[in-house]
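A.B. asks: Structure incoming, see below.
Laboratory data are not the source of any read-out in this text; all were calculated from the coordinates shown. Every value quoted in this text rests on a predicted model; they were computed, and no experiment measured them. Glycine gets a Cβ as well: all are built from the backbone with ideal geometry, and neighbour counts include every protein chain shown.
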Ligand SMILES: O=C(O)c1cc(C(=O)O)oc(=O)c1
């Protein structure tokens, strides 16, 4: 039996899948004016925008109205909506959200090599500025690298970038492909470091080297709730959540202050252990960006330069 929030359109939510958090707290940390939530999603609603047949999970609905209400509640000015894998390469829910946002949202889509130039131009007009390539095996089936390179070559002239999602252990094998991409490359969730391993160990060292040697590579310092092993979770007023993730995110922010982005990841797909209070997730930010200067770069200057360059 389905419980909690609905999945409309006759879909059945994946068992064990937690719904996004109702009534998030008011963050204590006041984000700077003009801040951008640079990683969030919309799900459906399924009745209007059906989930993709090839999806690996079925979420509860999470609409554009609910996303925009969260944006306002948390004090953000804009969103970057990233295509979620449960919608495959059908970007209609995302495009509809962009078109309803009054210019306050930009997007990152998933496309196949069959996408036409007309479709790409329409997406650009709607506010799309990037494509997402996903290498996380639990989320997607493999797409051949020659197809991805072809797509990258076609979106580059539009000024778009490529967002990549992968697990830290897969970086060595993907290195040559990533470093051959002709665009700005944005890494989702710091390349998912294993925070049980040392900060100065070889695995995270390789990620830092990836960024250091390639000035076109940016990173989102998001998703501590996914990466944390020992918490504590951002729940019940916790002001020192996900302590084990802090040194990793802080290292990236302080080493590459002009190439980092932050996002809520709302509505947090695939969480089964706990669902964070998004207000408390915002309170995580000053632990990883400890000065007003770093906070402004992370939340305003960098995302504006990448997604609204005409206003930056
Ligand atoms: O780690 C995840 O499960 C996850 C999934 C998706 C997606 O399904 O698109 O997006 C994310 O940013 C993170």
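A.B. asks: For the chain, set up a GNM with springs between Cα atoms under 10 Å and report which of 237, 107, 279 has the largest fluctuation.
C.D. replies: Between 237, 107, 279, it is 237 that shows the largest mean-square fluctuation.
A.B. asks: Note down the Stokes-Einstein diffusion coefficient of segment 1-159 in µm²/s, whole number, using a Kirkwood radius over alpha carbon pairs, 4 °C, and 1.567 mPa s.
C.D. replies: On the way: Rh = 16.8 Å.
Result for D is 77 µm²/s.
A.B. asks: Oh, and also: Who wins for biggest fluctuation among 191, 23, 231 in a Gaussian network model of the chain, springs between alpha carbons below 10 Å?
C.D. replies: Of the options given, 23 has the highest mean-square fluctuation.
A.B. asks: What is the antiparallel percent of DSSP beta bridges lying wholly in segment 36-307, to the nearest 5?
C.D. replies: If I count the DSSP bridges inside segment 36-307, around 5 percent turn out antiparallel.
A.B. asks: Could you work out the per residue convex hull volume over the alpha carbons of segment 153-305, in cubic angstrom?
C.D. replies: 118
A.B. asks: Round to a whole angstrom and tell me the spacing of the C-alpha centers of segment 71-92 and segment 208-268.
C.D. replies: Each part's Cα centre sits 19 Å from the other's.
A.B. asks: Next up: Can you work out the PRE-style zone for residue 216? Point 7 Å along Cα to Cβ, and I want the residues of segment 140-168 with backbone N under 15 Å.
C.D. replies: 148-164
A.B. asks: If the chain between residue 291 and residue 117 were fully stretched, how many nm would it gain, using 0.36 nm times the residue separation less the Cα-Cα distance?
C.D. replies: Extra length from residue 291 to residue 117 when fully extended: 58.3 nm.
A.B. asks: If you line up the Cα atoms of the chain on their principal axes, what length do they span on each, largest first, in Å?
C.D. replies: 46, 44, 37
A.B. asks: Over segment 57-127, what is the relative contact order in whole percent, taking alpha-carbon pairs under 8 Å and six or more residues apart? Write out the running numbers ahead of the final one.
C.D. replies: Values: 62 pairs, mean separation 21.3, N = 71.
It rounds to 30 percent for segment 57-127.
A.B. asks: Let me ask you something else. When the label point is put 7 Å from the Cα of residue 305 along its Cα-to-beta-carbon vector, which residues of segment 173-217 have a backbone N closer than 17 Å?
C.D. replies: Under cut-off, by backbone N: 183-187, 211-217.
A.B. asks: So how do 134-146, 204-216, 250-262 stack up, highest first, on mean other-Cβ count within 10 Å?
C.D. replies: In decreasing order of mean packing, 134-146, 204-216, 250-262 become 250-262, 204-216, 134-146.
A.B. asks: Return the distance in nm (one decimal) between the two label points of a simple spin-label model at residue 180 and residue 8, each offset 7 Å from Cα along Cα→Cβ.
C.D. replies: Spacing of the two 7 Å Cα→Cβ label points: 4.4 nm.
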